[in-house]
Amino acid sequence: MTSSPYIFEATMDNFQQDVMEASATTPVLVDVWAEWCAPCKQLMPLLEKLANEYQGAFRLAKVNADEQEQLTSSLGVRSLPTVILVKDGQAVDGFNGALPESEIRQVLDKHVELPEEDPYEKAHRIWDEGNIEGALEILSELNRKDPENLKVLIDLAQLKAETGDLDTAEQVLDSLPAEEKMQHQAKQLAARVKFLKQSAELPPMKDLEMALEQDPKDPNALHLLALHHVLQENNAEAMELLIRLMQVDSKYKDEVAKTTLVELFEKLGNNNPDVRTYRRKLYTLMH
């Protein structure tokens with residue numbers, strides 16, 4: 001059973017007080033379910049998530065149909081899951097079956113006022129949902145109000161990188177204080193931006209793979225193919241190619257293999273198992 005303050009088990013004994021009477025001040029969403037009902041198990045996590053997200057703007061009352069047969073019958077339930085929205089002591093809305101989250105929100109938003117969301121948290125939520133432009137707009141406004149907020153600045157740089165505006169991302173990163181540039185997230189993003197800028201000039205992977213088939217020691221092909229793998233997050237493959245490049249010619253392009261490996265280590269962090277493996281290989285080659 002969930003420990004959320006916004007979710008509770010409704011029974012015949014508490015339904016009048018905790019649902020009907022309580023709905024005069026806070027709407028209650030009643031979810032009638034059963035253990036054997038697959039759609040119920042599909043729906044319940046969504047309802048619980050929304051109850052916590054709305055932070056008490058409504059409460060979720062869960063009715064186990066098998067354990068509360070009398071209550072289930074009194075509610076007129078004919079199929080499971082059945083969801084009823086109770087407000088001011090009356091059933092004002094509801095639905096049957098497992099609806100998608102967007103449709104459940106539509107039902108709730110007609111009767112329940114969503115608490116105001118923190119702008120920074122909202123930016124990250126819609127960013128995670130794929131709304132890059134919306135997140136960028138919110139973070140840009142936050143930056144205008146508080147230009148010294150370094151978290152917002154780094155997020156803006158990352159969003160600019162994701163939208164392909166690498167020059168602006170680089171400018172934002174360059175504007176950070178020296179100590180902030182040394183933080184993991186900033187170093188990771190700086191390395192990512194650098195790799196993305198290099199990618200614009202990369203020849204196709206197939207051409208590079210063919211070049212290595214003809215000459216496994218081709219330093220240019222080893223280097224550029226490694227960059228391709230970095231951009232595809234194939235980090236172990238990229239590091240292996242860079243180690244091969246060091247074995248072929250450690251001085252190639254001002255030690256670009258070593259420099260790129262170190263940038264990759266910074267991008268991924270010391271806890272990454274590939275970083276630990278290839279840091280040892282790099283150390284062995286250098287000593």
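The numbers here are math on the coordinates, done by the rules we state, and not lab data. From a predicted model like this one, the values you see are computed outputs, not experimental measurements. Backbone-built Cβ (ideal geometry, glycine too); neighbour counts: all protein chains shown.
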Which of the GluC sites (Glu not before Pro) across the range 4-97 are loop residues per DSSP, with 13 or fewer other Cβ within 10 Å?
Glu35, Glu67
Kirkwood hydrodynamic radius (C-alpha pairs) into Stokes-Einstein, the range 119-198, 20 °C and 1.002 mPa s, D in µm²/s:
170 µm²/s
Counting only residues 5 or more places away or on other chains, whose amide H sits under 5 Å from the amide H of Val63 once H atoms are built in the peptide plane?
Ala10, Asp31, Val32, Trp33
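Return the percentage of antiparallel bridges among DSSP beta bridges fully within the chain, rounded to the nearest 5 %.
In the chain, approximately 55 percent of DSSP beta bridges are antiparallel ones.
With charges set only on the Cβ (+1 for Lys and Arg, -1 for Asp and Glu), what does the dipole of the chain come to about its Cα centre, in debye to the nearest 20?
About 1000 debye.
Among the listed pairs Lys206/Lys258; Lys145/Lys194; Lys181/Lys253; Lys181/Lys251; Lys194/Lys217; Lys194/Lys258, give every one whose C-alpha distance is greater than 18 Å.
Lys206/Lys258; Lys145/Lys194; Lys181/Lys253; Lys181/Lys251; Lys194/Lys217
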What lysines sit close enough to Lys87 to cross-link, taking a C-alpha to C-alpha distance under 18 Å and skipping anything fewer than 8 places away on the same chain?
Lys62, Lys110
Between Ser102 and Gln70, how many nm apart are label points set 7 Å from Cα along the C-beta direction?
4.4 nm
Computed [θ] at 222 nm, deg cm²/dmol, the chain (DSSP H ≥ 4; -39,500 (n - 2.57); rounded to nearest 500)
-18000 deg cm²/dmol
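Please tell me the relative contact order of the chain in percent, rounded to the nearest whole number, where contacts are Cα pairs under 8 Å and at least six residues apart.
11 percent
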Residue by residue through the range 116-125, the couplings from Karplus 6.51 cos²θ - 1.76 cosθ + 1.60 with θ = phi - 60°, in Hz, x for Gly and Pro, are 4, 8, 4, x, 5, 5, 5, 4, 5, 5
In whole angstrom, how far apart do the alpha carbon centroids of the range 79-153 and the range 181-199 sit?
31 Å
Options [x] 48, 24, 14; [y] 55, 23, 16; [z] 45, 23, 14 for semi-axes √(5λ) of the Cα gyration tensor in Å; the value derived from the coordinates is listed as [y]
Once the dipole of the chain is set up with Lys and Arg at +1 and Asp and Glu at -1 on Cβ about the Cα centre, which of Leu282, Phe95, Leu150 lies farthest towards its positive end?
Leu282
Expressed as an acute angle from 0 to 90° and rounded to the nearest 10, what is the orientation of the C-alpha long axis of helix 252-268 relative to the principal long axis of the chain?
20 degrees
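State, to one decimal in nm², a quarter of the convex hull surface area for the C-alpha atoms of the range 205-286, i.e. the direction-averaged projected area.
4.8 nm²
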